[in-house]
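Accompanying notes for the structure given below.
The values are calculated or read from the model by the stated rules, or taken from the named source; none is laboratory data. Predicted model only: the values in this text are computed from it and were never measured. A quick note on method: Cβ atoms are made from the backbone with ideal geometry, for glycine too, and the neighbour counts reach across all protein chains shown.
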């Protein structure tokens, strides 16, 4: 039974379903669910992510993970668990960046030791291996949760929480109502009704949010469970969350987001018609980072810091990588420059947010959130970072504007490049 058939079956059997239940089936149903049907990221998919834009993303995260390893007393093993690892591309780029750094800065052998201590676990609903297959000290667990315990290291997620199913609510005649999915003949439509759980009103009240008349918003009730699972997996270490979202005050602003933040993408085009193309388009909603921080504190995680992805990557040395002279064939080098620029681009990936939490790790200043000279020494030892066939080609025909926008900057910075 396909995802859409399952949705229709449940509505016929039980009546309207919450949008969260609809979204869960559409994205994760074993047969024809969006994320279970195959690779969705890249030129042949529906969107691209920071790891697919350029290997510099993984390399800079490796620098941050190196500092975390040091802060924890250089444990062996230092485990990185990545829920929602997908194709394994981020894993491969992090491991590739960490291990070639061996023995290149003082004290002698320290980075080599980090590489030996690094263990990486890809967690994903997807069966079988991805791009991480064959890497030493890397494993994959097919799971929808976070089943690890006693970790010393980091729980790292990138664009995971925004794909969690969300409830949709609205304000009608001064009353909070929930949006349900139902059938009108053979057509899937929405209708409002009494909230399916009092937790929806409690969440908004806990944030001091009162929706305006007619306003629509999303509520992710899974964040509490996610924070608890991340805390339970760690004995000591960090939780690093990278995702598209905002503090609650901004997220639920009637002036800025009256219709909420739910988006749908199909073939790199924003459709915003979630009841269509079921199982063939992505759906996501921005993350409520205020609730994520509160849920973390209740689960035993210390809030450490919060920033935009642009600031985080710039503090870790993205400008230093961008200043390197072009390497490789001109087109590949140019594509690489565009990919790095995309990682911090305003209005795009640069507006993603990064939150760090810790457990039994003190309250350190992490390099990604505070300017420091220390990442530069690590980056100096890295070989050239060029996109591979696994990364999206932003100069391809699907992205013609990227090439045109980049020409002026390329010619100004490297006029002699051929």
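Brief remarks follow.
- Qualifying residue in the range 159-172 (condition: more than 21 Å from residue 26 (Cβ to Cβ) and in contact (Cβ under 8 Å) with a residue 12 or more places away in the chain): yes
- Some residue of the range 61-81 being crowded, with 20+ Cβ neighbours inside 10 Å, touching a strand residue (DSSP E or B) at 6+ places or on another chain (Cβ under 9 Å), modelled with pLDDT under 85 and not in a loop (DSSP other than H, G, I, E, B): no
- All positions within the range 249-289 that are surrounded by fewer than 21 Cβ atoms within 10 Å (Cβ to Cβ), in contact (Cβ under 8 Å) with a residue 40 or more places away in the chain and within 24 Å of residue 239 (Cβ to Cβ): 249
- Candidate set from the range 128-151 (those that are crowded, with 19+ Cβ neighbours inside 10 Å and in contact with a strand residue (DSSP E or B) (Cβ under 6 Å, 6 or more places away or on another chain)); member that is farthest from residue 301 (Cα to Cα): 132
- Residue, surrounded by the most Cβ atoms within 10 Å (Cβ to Cβ), within the range 296-314, restricted to residues that are closer than 21 Å to residue 68 by Cβ and over 19 Å from the mean Cα position of the chain (by Cα): 301
- Those helices (runs of 4 or more DSSP H) of the range 310-418 in which at least 1 residues are closer than 20 Å to residue 57 by Cβ and modelled with pLDDT of 90 or more, considering only elements entirely within it, cover 318-322, 330-343, 374-380.
- Subset of the range 233-273 [closer than 21 Å to residue 84 by Cα, at pLDDT below 95 and outside any loop (DSSP other than H, G, I, E, B)]: 263, 264, 265, 266
- Residue match in the range 217-232 (condition: under 30 Å from residue 78 (Cβ atoms), surrounded by 14 or more Cβ atoms within 10 Å (Cβ to Cβ), at pLDDT 95 or above and over 19 Å from the mean Cα position of the chain (by Cα)): yes
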